Amino acid sequence: MDALIAFSQLVVTFVVGTYFFVRLKNESGTEKQFKSEYKREAELLNKMRHIHLSEPMTESVRPSSVSEIIGQEDGLRALKSALWGKYPQHVIIYGPPGVGKTAAARVILEEVKKSPMTPFSKEAPFIEADASVMRCDEHGFTDPLIGSVHDPIYQGSGAFGQNGIPQPMPGAVSRAHGGVLFLDEIGELPNEQLNKLLKVLEDRRVLLESSYYSSSNKKIPAYIRDMFENGLPADFRLIGATTRSPETIPEAVRSRCVEIYFNPLMREDILSIIKQAQIRCGILTDKGVNECIADYAKNGRDAIKILQSATNLVRMEGRPSISIDDAKWVISSSRYKRTKELYTKDGGKIIDISLIKPLN
Ligand SMILES: Nc1ncnc2c1ncn2[C@@H]1O[C@H](COP(=O)(O)OP(=O)(O)O)[C@@H](O)[C@H]1O
Ligand SMILES: [Mg+2]
């Protein structure tokens with residue numbers, strides 16, 4: 001009898017042992033598989049990080065200080081004074097495309113940090129977001145502008161998910177805390193997002209909600225409890241920019257912001273932008289080329305684009321400088337139209353397009 005019991009114990013031990021041995025082996029096999037998969041992905045990422053195309057000319061000629069922004073003296077003065085003092089204000093910049101709105105917003109924070117009264121610290125962040133891509137899903141699971149909560153049900157087997165801890169994910173408004181949030185194309189922001197943004201401007205914090213949050217849940221770390229109870233900090237100044245007209249921007253936003261207008265660029269300004277880019281990038285042009293480009297560029301961005309295409313053309317063909325024929329060829333191959341209105345500094349005279357001979 002004893003021998004039988006001992007034998008059956010041996011069989012059970014063997015079966016159970018074999019079961020765990022096989023499981024362990026499978027698990028370590030999966031782990032090995034994962035590790036080699038991670039390694040392959042990491043190597044691929046590393047390889048991608050080592051590939052760099054040269055910086056586009058549009059980037060290398062981007063103004064790096066206020067003094068490099070041409071032809072927007074009034075707009076810049078208004079922008080600087082709105083942010084300079086002890087109590088900086090929210091701002092909306094209106095203006096046509098390609099006249100320096102984004103360029104100005106990108107350099108203004110560094111400029112106003114020089115103010116002796118400024119509440120912006122040396123480290124104050126400048127966060128840029130494009131309102132035309134700032135969509136949030138209807139349940140608010142992801143909201144790159146305002147922030148969201150990753151609930152345990154969506155976290156899977158990670159530490160937060162397993163312990164039932166909802167995880168707050170800060171949005172652009174919290175990353176801009178203490179600095180400036182630049183919201184390009186603010187006119188494209190969906191209404192729902194806009195209302196949330198207005199609430200944040202009012203409260204200077206983001207209040208988050210989750211049905212998984214309970215103040216009595218001892219597993220929830222203190223910093224997450226603090227985030228749910230006191231909100232995420234979001235004290236910043238907003239700079240919005242738009243090509244839309246003021247009437248199309250909701251009154252609720254307009255009334256909270258100083259409204260600033262950037263002008264269409266004058267011909268002289270476009271010539272100065274071309275000159276500035278030429279010097280920065282070491283581009284040679286024959287006499288009359290810059291004037292020819294200025295006749296067809298509606299704005300600073302067009303001017304830089306035409307100059308870049310003409311530069312690429314002459315470099316491809318091994319010539320040292322851009323000729324009038326090169327500029328004309330680029331202009332006609334990209335089908336630029338002569339600018340309808342040419343603003344000039346001599347009293348803001350506008351030259352009628354019909355007076356200008358077509359390019360042959
Ligand atoms: N007023 C300007 N002064 C200097 N460069 C300008 C100006 N306007 C446009 N540019 C050139 O055109 C590019 C695009 O301008 P950007 O500021 O993005 O235009 P916007 O935001 O008004 O559409 C800039 O990087 C710069 O090279
Ligand atoms: Mg812009």
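Under 17 Å Cα to Cα from residue 219, which aspartates and glutamates show up? Leave out anything in the same chain fewer than 8 places away. Qualifying aspartates and glutamates at Cα under 17 Å: 151, 229. Taking a straight line from the alpha carbon of residue 275, these aspartates and glutamates sit under 18 Å away, with near neighbours fewer than eight places off in the same chain left out: 59, 68, 286, 291, 295, 302, 326. Within a straight-line Cα-Cα reach of under 26 Å, residue 122 can be paired with the following lysines, leaving aside sequence neighbours fewer than 8 residues apart in one chain: 80, 86, 101, 113, 114.
Residues in the range 60-71 carry Karplus couplings, in order, of 6, 9, 4, x, 9, 8, 4, 5, 8, 8, 9, x Hz; the curve used is 6.51 cos²θ - 1.76 cosθ + 1.60 with θ = phi - 60°, and Gly or Pro positions show x. Modelled label positions at residue 217 and residue 46, each set 7 Å beyond Cα in the direction of Cβ, lie 3.8 nm from each other. Taking every alpha-carbon pair under 8 Å whose residues sit at least 6 apart, the chain reaches a relative contact order of 18 percent.
The residue list 69, 261, 109 was ranked by how far each Cα lies along the charge dipole of the chain toward its positive end, using unit charges on Cβ atoms, and 69 comes out on top.
Between helix 2-49 and the chain, what is the angle of the helix's C-alpha long axis to the longest principal axis, kept within 0 to 90° and rounded to the nearest 10? For helix 2-49, the angle is close to 10 degrees.
Rounded to the nearest 10 degrees, the inclination of helix 324-333 to the longest alpha-carbon principal axis of the chain is 50 degrees. Suppose every Lys and Arg Cβ carries +1 and every Asp and Glu Cβ carries -1, with no other charges. What dipole size does the chain come out with about its Cα centre, to the nearest 20 debye? About 700 debye.
So between residue 225 and residue 284, what do we pick up on full extension, going 0.36 nm a residue minus the alpha carbon distance?
Full-extension gain reported as 15.1 nm.
Just so you know, all these numbers are worked out from the coordinates, no wet-lab data involved. Note that the coordinates shown come from a computational prediction; the quantities given were computed from them, not determined experimentally. Glycine also receives a Cβ, built like all others from the backbone with ideal geometry; neighbour counts cover every protein chain displayed.
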